[in-house]
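Here the structure comes first, spelled out in structure tokens, and everything after it is commentary.
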Amino acid sequence: MSPRFVLDPDELLDVTVPLSSSTPCWPGDQPFERKVTVDGGFVTSKLIMSSHSGTHLDAPAHLDDVFPGVSDVSPRQLVLPAILVEHPDSREPGIPEDLEGKALLFKTGGRKVFLTGKRAREIAEKGAYLVGTDAMTVDPPGSSNAHTALLGASVCILENLSLEKVEPGEYLLLCFPLRITGGDGAPARVFLHPLVEFRDSSRQKPGSSPR
């Protein structure tokens, strides 16, 4: 049986970068635009953006001829335990041992902390379901090896997280990308919640005491 976790809305940490005309985008990519229309007392907006605008999820389909697309990513890869690690310098980050079924998040604080293809393969081999970063990419400049290794192993990538106010530790990750059919990626609203496993006292054996 999969573990269950306590969720208190008041404890949620929103780690989503707001979308606006000032939101940074990848060089050559479509910047975010919002065109507002007011008609009959109602406001509607036309949104123009990339599938990788702001905080966004890279699905395996971000690689050509690889599946699934963002609409078919399993909820288990979007709502799951996460380990947030921080690195004080630009050396390649270390990897926790226990990553099976978890997300690994990197807090770089603007430092140039990236993954090599070898390190990305190690993360996938340890069973991680998702890798996230507060940077615009997990790859060093001029490389796509980490993307290829992770997405090729069906490990999703979450980029442009807002982590400056979040301390390293263990959390529950809740990631809600737009469900774009067959999409290579999608903007996402993302939350972290302190990791508290639910313990059902009614399931305890007679005579046992709660821990």
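Annotations
- Straightening the chain between Leu178 and Asp72 buys 37.0 nm, computed as 0.36 nm per residue apart minus the Cα-Cα spacing.
- Total formal charge among the other residues, if their Cβ is under 14 angstrom from that of Ser53, Lys/Arg +1 and Asp/Glu -1: -3
- With the simple spin-label model, which puts each label point 7 Å out from Cα in the Cβ direction, the Ser154 to Lys118 separation comes to 2.8 nm.
- Contour minus Cα-Cα distance for Ser21 and Glu100 (0.36 nm per residue): 24.6 nm
- Order of Val15, Val43 - criterion: other Cβ atoms within 10 Å of each residue's Cβ, fewest first: Val43, Val15
- Neighbour-count ranking [beta-carbon atoms within 10 angstrom, fewest first] of Lys126, Lys118: Lys118, Lys126
- Net charge dipole size for segment 17-89 [Lys, Arg +1 and Asp, Glu -1 on Cβ; Debye, nearest 20]: 380
- Within the chain, helix-based [θ] at 222 nm, where runs of 4 or more DSSP H residues each add -39,500 (n - 2.57), nearest 500: -2000 deg cm²/dmol
- For the chain: rounded, prolate or oblate by the Cα gyration tensor [a/c cutoff 1.5]: oblate
- Label-point separation in nm, Thr44 to Leu12, each point 7 Å along Cα→Cβ: 2.8
- Taken about its Cα centre, the chain carries a charge dipole of roughly 320 debye when the Cβ of each Lys and Arg holds +1 and the Cβ of each Asp and Glu holds -1.
- The antiparallel fraction among DSSP beta bridges confined to the chain stands at about 70%.
- Dipole of the chain [Lys/Arg +1, Asp/Glu -1 at C-beta], most positive-end residue of Leu158, Phe198, Val36: Phe198
- Length gained on full extension, Glu167 to Glu125, computed as 0.36 nm times the residue gap minus the Cα-Cα distance: 12.5 nm.
Coordinate-derived values only; no laboratory data. Given the structure is predicted, the values throughout are model-derived calculations rather than measurements. Counting neighbours? That spans all protein chains shown, and the Cβs are built from the backbone with ideal geometry, glycine included.
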